[in-house]
Structure formats: structure tokens, C-alpha cells
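Where a number appears in this text, it was derived from the coordinates with a stated rule and is not lab data. Just so it is clear, the structure is predicted and the values come from calculations on it, not from any experiment. Heads up, the Cβs are rebuilt from the backbone with ideal geometry, glycines too, and the neighbour counts pull from every protein chain shown.
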Amino acid sequence: MTAQDPGSGPDAAAPPNTFSYIAIACGILAFVISWLIFGVLGLVLAFVARGRRELRWKTGLIVVVAGMVLGLLSVLLL
């Protein structure tokens with residue numbers, strides 16, 4: 001029987017989803033406040049989350065793109 005390292009459990013491989021959550025917040029702000037500023041920031045953060053192998057990077061990317069599209073449509077239609 002071998003001793004297991006404290007950092008080798010099932011949660012040790014998955015980094016926290018910090019960048020993904022910030023990208024999701026930017027996607028919401030892109031729809032509400034400014035589609036250009038928060039949309040671009042959210043896209044960058046979603047791809048940083050992808051590079052860090054976070055689990056929720058796809059959700060962040062989807063919310064950012066939806067926020068950008070809806071924000072742009074609201075600007076064009078008003």
C-alpha cells in the first residue's frame with residue numbers, strides 16, 4: 001500500500017473556474033452596459049480560461065457571444 005500525495009486527489013487536476021465566471025459576468029454586462037468593451041474582455045477571458053483548462057470555459061464563451069449579439073442588436077434597433 002502506498003501513501004497518496006495530498007495534491008493528487010480528483011480535485012487536484014481541475015483548476016478553479018475563476019476566469020470562466022468572470023467571462024460569464026462580462027457577457028451579462030455586455031448585454032446590459034456596453035457590448036463592445038465587456039464583450040471583447042469576456043472573449044479574452046473565455047479563451048484564457050480555455051488555455052487554463054477550466055471546466056466552464058464553453059459556458060463563458062456562449063454567454064459572452066450571446067451578450068455581444070444581443071447588445072449590438074439593441075443598439076442597432078434603438
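What ranking, highest mean first, results for peptides 41-49, 66-74, 19-27 when packing means the other Cβ atoms within 10 Å averaged over each residue?
Ranking, from highest mean packing down: 19-27, 41-49, 66-74.
Could you state, as a whole-number percent, how many of the C-alpha pairs of region 18-68 are farther apart than 16 Å?
Everything past 16 Å amounts to 22 percent.
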